[in-house]
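Note sheet for the following structure.
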Amino acid sequence: MAGMGDLETENELPSCSSSFDAFFFCLSPPSQFKKYYRDGTYADCDHFQKMWETCMTMRYYEMNGKKGAGRWQELRDQMVAMSTKSSKDHVWKMKPLPKREPEKEES
């Protein structure tokens, strides 16, 4: 089995259906609520959308007999780069503690 950086054939690339599933799961309310609850912002699904669009474009080229064309190779290289990309932030990134107000002494 190939490692994360050893994608040699297009069979090892994520399928279009798995890219579609990942994209629409990212857009789903549970995924958005989870991201909003944890980070206070909504999930950015652009990466998943780009992965799905690239996969569909590659399949179009394959179906029209242009698999060896330069554009198909560019798309394949993009798919490899996107599928081996690591996350930007570490999973266990510590969040800053909220500031506490000084306690008032009662007299």
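Each reported figure results from applying straightforward, stated rules to the coordinates on display, with no laboratory input. Source: prediction; values computed, not measured. Methodologically, a virtual Cβ is constructed for each residue, glycine included, from the backbone with ideal geometry; neighbour enumeration extends over all protein chains shown.
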Checklist entry - If the cut-off is a Cα-Cα distance under 23 Å, which lysines reach Lys95, setting aside same-chain residues fewer than 8 apart in sequence? => result Lys34, Lys35
Checklist entry - In nanometres, what is the gap between the two model label sites at Glu103 and Ser17, each 7 Å from Cα along Cα-to-Cβ? => result 6.1
Item to check | Calculated from backbone phi, Karplus (6.51, -1.76, 1.60) coupling profile of region 40-50 in Hz, x at Gly/Pro | outcome: x, 9, 7, 5, 8, 9, 4, 4, 5, 5, 5
Next on the checklist: I'd like the Karplus ³J(HN,Hα) series for region 25-33: coefficients 6.51, -1.76, 1.60, θ = phi - 60°, whole numbers in Hz, and an x wherever there's a Gly or Pro.
Outcome noted: 5, 4, 7, 5, x, x, 5, 5, 4
